[in-house]
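Asker: Let me begin by handing over the structure; questions about it come next.
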Number of protein chains: 2
Amino acid sequence: MNITAAYTDLYQITMAQVYFETKPDGRAVFDYYYRHNPYNSGYSIFAGLEDVLDILETLKFSDSDILYLKEKGFENEFLEYLRNFRFRGNIRSSKEGDVVFPNRPILQVEANIIEAQIIETVLLNILNFQTLIATKASRIRRSAKDEILLDMGLRRAHATGGYYASRAAAIGGFDSTSNVKAAEDYNIPSSGTMAHSFIQSYDSELEAFRDFAKVRPENCVLLIDTYNTLKLGLPNAIKVAKEMEERGDKLLGVRLDSGDLAYLSKKTRTILDEANLEYVKIVASNQLDEYVIKSLKEQGAPIDIFGVGTNLVTGKPDAALDGVYKLSEYNGTPRIKLSENIIKVSLPFKKQVYRMVDANDMFYGADAIGLFIEDEVSQMEHPFDITKKLDLSPFEHEPLLEMVMEEGKRVVPTRTVTEISKYSQSRLEQLPNEYKRFQNPHIYKIGLSPSLKEERDALIKEHKI
Amino acid sequence: MNITAAYTDLYQITMAQVYFETKPDGRAVFDYYYRHNPYNSGYSIFAGLEDVLDILETLKFSDSDILYLKEKGFENEFLEYLRNFRFRGNIRSSKEGDVVFPNRPILQVEANIIEAQIIETVLLNILNFQTLIATKASRIRRSAKDEILLDMGLRRAHATGGYYASRAAAIGGFDSTSNVKAAEDYNIPSSGTMAHSFIQSYDSELEAFRDFAKVRPENCVLLIDTYNTLKLGLPNAIKVAKEMEERGDKLLGVRLDSGDLAYLSKKTRTILDEANLEYVKIVASNQLDEYVIKSLKEQGAPIDIFGVGTNLVTGKPDAALDGVYKLSEYNGTPRIKLSENIIKVSLPFKKQVYRMVDANDMFYGADAIGLFIEDEVSQMEHPFDITKKLDLSPFEHEPLLEMVMEEGKRVVPTRTVTEISKYSQSRLEQLPNEYKRFQNPHIYKIGLSPSLKEERDALIKEHKI
């Protein structure tokens, strides 16, 4: 499936038709934000922006899309509009890879309302998922400390969503992926070991190891749990490692894919060391996530490389980021959506977001949202609790939304996954540890400028019945 | 991203190279099966087969794939093999849409071992995900009884995995999707209503409803919770419904997307009926799943159409089916993978699976796995518990694995999503209710023919140290 402009919800096109016939020149501002960090995390890692910009620069309806919509009953004049549809709007966004927080605009679309509406679904679809997975990857990276992390989840991923999962995993801190297609297209390091089937296809495990080591001596990792890890797999791997030494090769590692990984890795390390194979690494996999890896590290499991699959690429247990796309301005006038749940009341007006940075170049723990037209935000107020205010004068104010697309054209250079990943790590280093812990992380403050809060409250009153 | 043969794990290609250099003509049989039903369900719905067959018929490495693998260090002769790579194997499979159960082969690949290995990842990727979602959809269908179900999850789906989610949802029993691209390509009914942004873009909700109803009078559903459901949205919708009546049009429905759906739907129904708008339907959405819908039905909520998003398309809370692909035969000799966890010991030999059907054409609750060469299976034994046996003579034996692809070419007619969905419903009707309940469903029996069990046990003994 190629992404075309028909990769959207039908109601976008239905609404587009109404706009087309009643107010084709309406200009809208939409905010992208989410309401809760996944995994009870204290932060999320924003990911997917480069893909969205690439998609938007070339997005159009295919001939078969138009034919389909004609069959659905859309009329010729509107179909002609769709045939010429291009996204020609502006996008301001946080940098991909930045640490982000709930209930503040991460990305802002300013465009003709028809265009802004048609792109909503694909934008949410790509950003919600990659942000979910980059956040998961970042948590696993935190658990694994400096050990190597390998993404190997493609077989359990949500079909072709796995392609984007591998990209987001790299942004969140994974070193490499098993996913050849993603590695090729996104220039991510790829790696892999061997499957049980390889060993099963031989009459003996030893023979299988020997063939593999001869043909693929570089980065050779032998899977040792097909029949019996300690009694058969490991002795066979040691035998082959010694044979490789005679040929001037070196076995990179052995892989454990079942059983008690703490116990088996310790035993394996001891036996390898006794055989003078201190250089042979231990790779472990099997239902790993940030908590299992943390536990393995705490038990002193001597694992050098963690292979993580299902829990990474499906973003378990949350499986979705609750990102939304809300209209905040139409033809220059502010717009609001009310809700009985006060946290779901949307923020009107075109806005800017400022991050407070302290004298040590660390994040203070507060992003302030102001009106776009405000020059300066010297104080922020809690969105609803009138007792909570914060003086912002001690901090450097970093504006977070930068123009990345103007009139449908990208106006910032393309960034590689490696660059984005490095940037993400540097931003995480600026975030104090209390926001990064797994248990009850500190809550990062999001506040409104006094002007924004006053205008928002006036608009709520205006709509309240 | 187009699916090419590089949409696989790197280790498949590494292993392929070793096979290529050491035993290029090896012939393998692999079984696809999973170990646990998702959601504590008593069954799963097998989905994704048609996509897999389509993909396999045309799968090849692109020029840029080959270039990438060359850069990765693979050698010319092997790259030349990959350049000419096609899948030329045989596939026997359960019918797509069938009710299936853990730990029995659902699909069997018999092919050159290199080909069988390279296709493993994409096959698992597509079947695991679509089976997960079709099963979720089937459970939601069971809750919703005869009401209309609309898939509207694309914005929270795992990127382009959402395309396949919409297909699988239709197979599991959803009536339509908001996903235009999936609807177009898979010929699924599409539908949709309107977004809050549409209403917000107008100075008044009433004006928004009026424009929408004039331009799109057919299948018109008005979203009534943007400002206040009962005090504003519903009165405005009634006003517009009356205006539509004067023009000879009919309002299809009103949509509730927040608040207490049981309370609001009852109030809404009463007020609509009092306004002589009995024909106006109530559409509800907002974090629905099989349990919420069951509860709404039990409370007598008069909802006619349920819109289900995130929980459907992400397969929450499980988010993955644990499907695997295990080598069972190589060059005519049986192959096994042992495990300390007895349930993970693989089943050797090329096999056939038989479903026991009783005199009333109902499934008895037992699938028997036999050797492919066995003519008949008159008794089945529990895979590990020697006290459990079942006499199969009272039942009709339905063989479940049918040849669907021979030498890389499809040998069965293409089936549409609608056909598969209907077939799935008919198979579910043959499954007794106790397997379909949500709480502690009856466990469907999977057994082995005495010959298969005997041969498997001999092979275990042979490998045990």
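Asker: Placing the label point 7 Å from Cα along the Cα-to-Cβ direction, what are the distances from A:Lys388 to the equivalent spots in the other copies, shortest first, in nm to one decimal?
Answerer: 5.4
Asker: Subtract the Cα-Cα distance of B:Tyr263 and B:Arg410 from 0.36 nm times their separation in residues, and report this length gain in nm to one decimal.
Answerer: 47.7 nm
Asker: What whole-number value in cubic angstrom gives the convex hull volume per residue for the C-alpha atoms of the stretch A:294-334?
Answerer: 145 Å³
Asker: Right, another one. Over the protein assembly as shown, what is the percentage of antiparallel beta bridges among all DSSP beta bridges, to the nearest 5?
Answerer: The antiparallel fraction comes to roughly 65 percent.
Asker: Highest mean first, what order results for B:12-19, B:184-191 on Cβ atoms within 10 Å?
Answerer: Descending packing order for the listed peptides: B:12-19, B:184-191.
Asker: Turning to a different aspect of this structure: Counting partner chain Cβ atoms within 10 Å of every residue's Cβ in A:323-333, what's the average?
Answerer: 3
Asker: Only helices at least 24 Å long along their axis, Cα-based, and averaging -1.0 or more on Kyte-Doolittle count here, so list those DSSP H runs from chain A.
Answerer: A:120-144
Asker: Per residue Cα convex hull volume for the stretch B:135-313, in cubic angstrom?
Answerer: On the way: hull volume 20.1 nm³, N = 179.
With only Cα atoms used, the stretch B:135-313 gives 112 Å³ per residue.
Asker: So, one more: Residues in the stretch B:420-435, backbone N under 13 Å from the label point at B:Asp358 (7 Å along the Cα-to-beta-carbon vector): list them, ranges by number please.
Answerer: B:430-435
Asker: State log₁₀ I(q)/I(0) for the protein assembly as shown at q = 0.04, 0.05, 0.10 Å⁻¹ as given by the Debye formula over alpha-carbon point scatterers of equal weight, solvent excluded.
Answerer: One equal scatterer on each Cα of the protein assembly as shown leads to -0.19, -0.30, -1.18.
Asker: Shifting gears a bit: Return the aspartates and glutamates within reach of B:Lys422: Cα separation strictly under 13 angstrom, same-chain partners fewer than 8 residues apart disregarded; answer none if there are no such residues.
Answerer: B:Glu96, B:Asp98, B:Asp175
Asker: Ordered by packing density, taken as the mean number of other Cβ atoms within 10 Å over each peptide's residues, highest first, how do A:170-177, A:438-445, B:27-34 rank? Please list the in-between numbers first.
Answerer: Working: A:170-177: 26.9, A:438-445: 14.0, B:27-34: 23.8.
Order by mean packing, descending: A:170-177, B:27-34, A:438-445.
Asker: Taking the stretch A:153-239 as the region of interest, what is the percent of Cα-Cα pairs per 5 angstrom bin, listed from the shortest bin to the one with the maximum distance?
Answerer: Going out from 0 Å in 5 Å bins, the stretch A:153-239 shows 3, 14, 21, 17, 13, 14, 13, 6, 0 percent.
Asker: Just want the answer: with Cβ charges of +1 for Lys and Arg and -1 for Asp and Glu, which residue in A:Pro189, A:Gly300, A:His158 is farthest toward the dipole's positive end in the stretch A:135-313?
Answerer: A:His158
Asker: Here's a follow-up. Tell me which chymotrypsin sites (Phe, Trp or Tyr not before Pro) from the stretch A:360-390 have a DSSP coil assignment and no more than 13 other beta carbons within 10 Å of their own.
Answerer: A:Phe384
Asker: Using the alpha-carbon centroid of each, what span in Å lies between the stretch B:1-67 and the stretch A:252-312?
Answerer: 27 Å
Asker: Here's a follow-up. Return the average number of partner chain Cβ atoms within 10 angstrom of each residue Cβ along peptide A:222-230.
Answerer: Partner-chain Cβ atoms within 10 Å, mean over residues of A:222-230: 3.
Asker: Report, for A:Gln439, each distance to the same residue's label point in the other copies, shortest first and in nm; define the point 7 Å along Cα→Cβ.
Answerer: 3.5
Asker: Compute, for the stretch A:322-372, the length of the dipole vector about the Cα centre, with Cβ point charges of +1 (Lys, Arg) and -1 (Asp, Glu) only. Units Debye, rounded to 20. Mind dumping the intermediate values first?
Answerer: Details: 7 positive and 6 negative charges, 66 e Å.
I would put it at about 320 debye.
Asker: Compute the label-point distances linking B:Thr418 to its equivalents in the other copies; points lie 7 Å from Cα along Cα→Cβ; give nm, one decimal, shortest first.
Answerer: 5.2
Asker: Relative contact order (percent) for chain A, with alpha-carbon contacts under 8 angstrom and 6 or more residues of separation?
Answerer: Details: 902 pairs, mean separation 98.4, N = 465.
Contact order relative to length: 21 percent.
Asker: What value in Å³ per residue do you get for the convex hull of the alpha-carbon atoms in the stretch B:340-408? Let's see the in-between values first.
Answerer: On the way: hull volume 8.9 nm³, N = 69.
Hull volume normalised by residue count: 128 Å³.
Asker: Same structure again: Shape of the stretch A:16-82 from its Cα gyration tensor (a ≥ b ≥ c, root eigenvalues): rounded if a/c is under 1.5, otherwise prolate when a/b > b/c, or oblate?
Answerer: Here the stretch A:16-82 falls in the prolate category.
Asker: Still on this structure, I have one more. Regarding the stretch B:410-457, what's the average projected area of the Cα-atom convex hull, expressed in nm²?
Answerer: Hull-based average projected area comes out at 6.5 nm².
Asker: Other chains near B:307-315: what is the mean number of their Cβ atoms within 10 Å of each residue's Cβ?
Answerer: Mean inter-chain Cβ contacts per residue within 10 Å come to 3.
Asker: Just grab the label-to-label distance for A:Asn331 and B:Asn276, each label 7 Å out from Cα along the Cβ direction, in nm (one decimal).
Answerer: Those two pseudo-labels are separated by 3.6 nm.
Asker: With only alpha-carbon atoms counted, please give the Rg and Dmax of chain A, in Å.
Answerer: Gyration radius and largest Cα-Cα distance of chain A: 26.0, 85 Å.
Asker: Here's something else I'd like to know. Take each of the peptides A:109-120, A:148-159, average the number of other beta-carbon atoms within 10 Å over its residues, and list them starting from the highest.
Answerer: Sorting A:109-120, A:148-159 by mean packing, highest first, produces A:148-159, A:109-120.
Asker: Please list, ordered by chain and number, the residues whose modelled amide H lies under 5 Å from the amide H of B:Ser328; skip anything fewer than 5 residues away on the same chain.
Answerer: Under 5 Å from the amide H of B:Ser328 lie the amide H atoms of B:Val29, B:Phe30, B:Asp31, each far enough along the sequence or on another chain.
Asker: Of the beta bridges DSSP finds with both residues in chain A, what % are antiparallel, to the nearest 5?
Answerer: Given both bridge residues lie in chain A, the antiparallel proportion sits at roughly 65 percent.
All of the numbers you see were taken from the coordinates with simple rules; none came from a lab. Not measured: the values here are computed from a predicted model. Positions of Cβ are generated from backbone atoms using ideal geometry, with glycine treated the same way; all protein chains shown enter the neighbour counts.
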